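Notes to accompany the following structure.
The values are calculated or read from the model by the stated rules, or taken from the named source; none is laboratory data. Here the structure is a predicted model, which is why all the values come from computation and not from measurement. Reconstructed Cβ throughout: ideal geometry from the backbone, glycine too, with neighbour counts over all protein chains shown. Heavy atoms of the whole protein, side chains included, go into the accessibility calculation; ligands, DNA and RNA do not. Shrake-Rupley method; radii C 1.70, N 1.55, O 1.52, S 1.80 Å.
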Amino acid sequence: MSTRQPATEEAEPGEASGPPPAGPAFRRPPWARWSTWAAWGRRWREQHPRGARNLSVTLTVLAAALVVAALVMPDSLVRLEPRAFLRLPAEAVVGAAVLLALPRRPRVAVAAVSGVLLGVTTVLKALDMGFGQYLGRRFDVILDWSLFGDAESYLEDSLGRTTTLAAVAGVIALVLLLLVLLALSVVRLSGLLARHPGTATRGTLVAGVVWITCSSLGIQVAGVPLAADGTATALQDQARRISDTLHDEAEFRKVARVDAFGGTPGSQLVPALRGKDMIFTFIESYGRSAIEDPVMAPGVDRTLDVRTKALARAGFHAKSGWLTSATYGGSSWLGHSTTMSGLWVSNQQRYRTVMASDHMSLTDAFRKTGAFDTVGVMPGVQKGWPEQKWYGLDKVYNAFELGYRGPKFSWSTMPDQYALQQYQERVHSKRPAAGRSRMSLLILTSSHQPWAPIPKMVDWDRLGDGSVFKGIEAAGDKPEDVIADTTRSREEYGKSVQYSVTALTEWLERYGSKDTVLVFLGDHQPIARVSGNHASRDVPVSVVAKDPKVLDRIADWGWTDGLRPAHDAPVWKMSAFRDKFLTAYGSTPHPRTD
C-alpha cells in the first residue's frame with residue numbers, strides 16, 4: 001500500500017512542487033521567476049477570457065501601428081505631417097512574405113533582428129531630421145559621432161548640467177525602449193501570421209498587388225504617394241553616404257596637396273598690405289538671413305546702415321559681398337578653415353585632413369612674409385587648440401587668458417565688446433617688434449545660439465574685468481524660453497547680430513588707425529528653425545579700411561559700398577576667398593603639387 005499523498009493541485013510547469021530549500025542563501029533562478037509570471041498570465045487569461053482577448057487585439061493593433069509608423073516615417077521635418085503616415089510600405093509586404101515562409105525558430109529570430117534593425121533605421125531617420133534642421137545636411141554615421149559631445153556641452157552651457165543629464169538619459173532610454181518595442185512588435189506580428197497562414201498569405205498577395213498598382217499609377221492620398229518604400233530608400237542613402245565618405249577621404253587628400261600659393265616665397269605674399277594693421281574677424285552665425293529675412297532684417301539692416309555712416313565719419317569705408325559657407329547652422333570651425341585654406345572643408349574628416357597638412361592658410365601667409373606678428377583671440381576656445389600651428393598664429397588668447405570675471409551668456413563665455421576691449425589692451429595697443437606689422441584673427445561668440453541672454457553695449461571705459469555684465473545677464477531672457485519659441489528665436493538672433501556688429505564697428509571707430517584693415521564675415525547661417533528650411537548658405541563679408549588704396553585693390557570684385565551687401569552682389573564659394581584675396585593684394589602664385 002502506497003504511503004504517497006495525492007496532490008491537491010497540479011503544479012504549473014516551471015514551478016516548484018514543494019517548498020523552497022531552507023537557508024538564507026537560496027535565490028530562485030531568473031527562469032523560475034519568468035515561469036511564475038507566465039503561469040500567472042495563463043491563469044489570468046483563463047479567468048478573464050474577454051479581457052484577455054481585447055488586450056491581445058489592442059496589443060496587436062498597437063504593434064502593427066508602431067511598425068508601420070516606423071516604416072513610413074520620413075527623414076525630414078519638412079515632410080513630417082499626418083498624411084505622411086497614410087501610406088502602404090513595401091517593406092511590410094516583403095517582410096510578411098519572408099516571415100510566412102520560415103519555420104518557427106528562424107521566424108522568431110528573423111523577426112527580432114528585423115525589429116531591432118527597424119529601430120536603428122528609425123533612429124537614423126530622426127538624426128537626419130535633427131541634422132537637417134540644425135546643420136542643413138544629413139547625419140553621417142562615420143563622421144558625426146564626435147558632434148554629440150559638442151551638443152552636450154552646448155546644452156550644458158545653455159540649460160545647465162542637471163537638465164542636460166536628464167535630457168541625455170531620457171534620449172538614451174527612449175532609444176533603447178524603441179529598439180525593444182519594435183523587436184517585440186515584429187515578433188508579435190510574425191506570430192499572428194503563423195497562426196493564420198491562409199489569411200496572411202492572401203492578405204500579403206493583395207497588399208503586394210495594391211502596392212504595385214499604386215506605384216505604377218502614382219496614386220496619391222492627400223498629395224502623398226500611397227506606395228511607400230522610405231525605409232529601404234533610407235538604408236540605400238545611408239550606404240551611399242558611407243561609400244561617399246570613404247571615397248571622399250582619399251580624393252580630398254589629393255586636392256589638399258595642390259596649393260596655388262604653396263610654393264610662393266614670403267617676399268611675394270601680400271606685398272600690398274605690408275605695414276598694415278590686418279584683422280580678420282568671424283561673427284558667429286552672421287548669415288544672409290540676418291540681412292534679408294523680414295523678421296530679422298529691419299533691425300540688422302538699420303544697424304549696418306547706421307554703423308556704415310558712423311565709420312565714414314571716422315574716415316573708414318567698406319565694400320561688401322557674399323560667400324557661400326561650407327557649413328550651416330553650426331560647426332563654425334568648418335567655415336573658419338574653409339575661408340582660410342581655400343579648400344571646401346565641409347565635414348570633420350576634411351577638417352582633420354587640413355589641420356594635419358601643410359596647406360597654407362591665409363593667416364599663415366602673413367606669418368611667412370616675416371613682416372607680421374600673428375595673434376589670435378578666441379573667447380570660444382576653452383581647451384587645448386592644436387590648430388594654432390596650422391593657422392600660423394604666434395600667440396593665441398583663449399577664454400581663460402582674457403581676465404573675464406563676469407557671467408557667461410549661455411554658450412558664449414564673454415560678451416564680444418569685452419573680448420574686443422581685451423584685444424585692444426593686450427594686443428592692439430602694443431607695438432609689434434621693430435620693423436614689423438601685425439595680423440590678428442578674432443572669432444566672436446555673442447551671436448551664438450540660443451541667443452539668450454544677449455549682452456548690451458556699455459561704456460567702453462567701464463568694462464573693467466567684465467563684472468559690469470552681471471546685472472545685464474541676470475535681467476536677460478532665459479535660454480529655455482527662447483529655444484522653445486521659434487518667433488522669439490528669430491527676433492533674438494537678429495538682436496544678437498546687431499550687438500556683435502555694433503561692438504566690432506564701435507571698436508574700429510574708437511581704436512582703428514589709418515593703417516587698419518578689417519575683414520569681417522559670418523561663419524555660417526543660423527539653424528533652419530531661424531533661417532528657414534530653404535535658406536541659402538550665404539554669409540556677408542566686408543572689407544573696411546581708411547586707406548583708399550586698400551579698397552581700390554578690390555574694385556573689380558563688384559562688391560557693394562558699405563557694410564550691407566546688395567541682394568544681387570556677387571556670390572562666391574567661401575573656398576574661393578583665400579586665393580582672390582591673395583591675388584588682389586599682390587601675391588604671386590607659385591603652385592605646389594607634392
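At a glance:
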item	result
Residues of the stretch 412-433 that turn out to be at pLDDT below 95, under 30 Å from H359 (Cβ atoms) and in contact with a Pro (Cβ under 9 Å, 6 or more places away or on another chain), as a count	1
Residue satisfying condition, being at pLDDT 85 or above and surrounded by 18 or more Cβ atoms within 10 Å (Cβ to Cβ), within set G136, G132, G170, G119	G119
Criterion: part of a helix (DSSP H, G or I), open to solvent by 40 Å² or more (accessible area, probe 1.4 Å), of a type outside the set (G, A, S) and modelled with pLDDT of 50 or more - qualifying residue of R27, R33	R33
Members of the stretch 501-558 that are open to solvent by less than 10 Å² (accessible area, probe 1.4 Å) and part of a helix (DSSP H, G or I)	V501, A503, L504, T505, W507, L508, A528, V530, V550
Residues of the stretch 63-87 satisfying the condition of being more than 30 Å from A528 (Cα to Cα) and in contact (Cβ under 8 Å) with a residue 60 or more places away in the chain	A63, A64
Some residue of the stretch 389-412 being more than 19 Å from V497 (Cβ to Cβ) and among the polar types (S, T, N, Q)	yes
Enumerated helices (runs of 4 or more DSSP H) restricted to the stretch 285-403, each holding at least 1 residues that are within 24 Å of V544 (Cβ to Cβ) and among the small types (G, A, S)	288-292, 297-313, 332-341, 362-368
Matching residues in the stretch 354-401 - criterion: being of a type in the set (S, T, Y), open to solvent by 20 Å² or more (accessible area, probe 1.4 Å) and closer than 20 Å to W344 by Cα	S357
Flag if S489 is out of contact with any Gly (no Cβ under 8 Å at 6 or more places or on another chain) and modelled with pLDDT of 95 or more	no
Single residue of the stretch 139-159 satisfying the filter (assigned to a loop (DSSP other than H, G, I, E, B) and of a type outside the set (V, I, T)) that is modelled with the highest pLDDT	F139
Unique match (being at pLDDT 90 or above, open to solvent by 60 Å² or more (accessible area, probe 1.4 Å) and within 28 Å of V539 (Cα to Cα)) among E292, E251	E292
Count - residues of the stretch 173-224 that are open to solvent by less than 60 Å² (accessible area, probe 1.4 Å) and outside any helix (DSSP H, G or I)	4
All positions within the stretch 275-306 that are in contact with a helix residue (DSSP H, G or I) (Cβ under 9 Å, 6 or more places away or on another chain) and farther than 22 Å from H524 by Cα	K276, D277, M278, V306
Positions within the stretch 413-467 being among the β-branched types (V, I, T) and open to solvent by 20 Å² or more (accessible area, probe 1.4 Å), in sequence order	I443, I454, V458
